[in-house]
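A short worksheet on the structure shown next.
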Amino acid sequence: MEKRYSEMTDYELKQEIAALSEKARKAEQLGIVNEYAVLERKIDMAKAYLLDPATIQIHSSYQIKDTDEQFYVEYVNGVFAWGYRVTAPEKEDALPISLLTQKD
C-alpha cells in the first residue's frame, strides 16, 4: 500500500517527485495531455510537503507559479494556502503552497 505524502520523509518525497517527473516527461513526449497535467499536479502536491507552511505570510499576495495571476492568502491549513485569486475575489480557493512564489 502506498504512503500518503504527509507520511513520507523528505528523501521519499524527492524520490517520488523524480519518478513522477519521469512519467510526466514520457506522457508529454507521447502527447498524453491529460496524464501529463495530472502528474504535474501530483508533483506540485509532493513539493508542497517539502516546504514549511510557516514561510507563507497570511494577508499577503503571491504570484501563482507559471501564470500572471496573483493569489491573496487569508490563511494556511496544512500545505494549502486558502484565499482568493485577485481576479476573482468573491470565490474562495485553495492552492498547494508550492504553487506560490513571491511577487516580482
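The table below lists the values:
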| item | result |
| --- | --- |
| Rounded tilt (10° steps) of 33-48 against the dominant C-alpha axis of the chain | 70 |
| Candidate values (1) 14.7; (2) 13.7; (3) 18.2, label of the one derived for Kirkwood radius over Cα pairs in Å | (1) |
| Surface accessible to a 1.4 Å probe, Ile64 within the full protein complex, Å² | 10 |
| Cβ charges +1 (Lys, Arg) and -1 (Asp, Glu), total dipole of the chain, debye | 200 |
| Crossing angle, helix 10-30 versus the chain [Cα axis fit, 0-90 degrees, rounded to tens] | 80 |
| Amide proton proximity set for Ser60, modelled H, under 5 Å, gap of 5+ | Val73 |
| Pairwise label distance in nanometres, Asp93 with Thr67, each label 7 Å out on the Cα-Cβ vector | 0.3 |
| P(r), alpha carbons of segment 59-104 - 5 Å bins starting at zero, rounded % | 5, 27, 38, 23, 7, 0 |
| Exposure ranking of Thr67, Thr87 by accessible area [1.4 Å probe, largest first] | Thr87, Thr67 |
| The chain - mean residue ellipticity at 222 nm from DSSP helices (-39,500 (n - 2.57) per run, n ≥ 4, rounded to 500) | -12000 deg cm²/dmol |
| Top positive-direction residue, dipole computed over the chain with Cβ charges, set Ser61, Ser6, Ser21 | Ser21 |
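The values are calculated or read from the model by the stated rules, or taken from the named source; none is laboratory data. This one's a predicted model, so the numbers in the text were calculated from it and none came from an experiment. All Cβ positions, even for glycine, are placed from backbone atoms using ideal geometry, and neighbour counts span all protein chains on display. The protein model used for the area step is the full one, side chains on, heavy atoms only, and it has no ligands, DNA or RNA in it. Shrake-Rupley method; radii C 1.70, N 1.55, O 1.52, S 1.80 Å.
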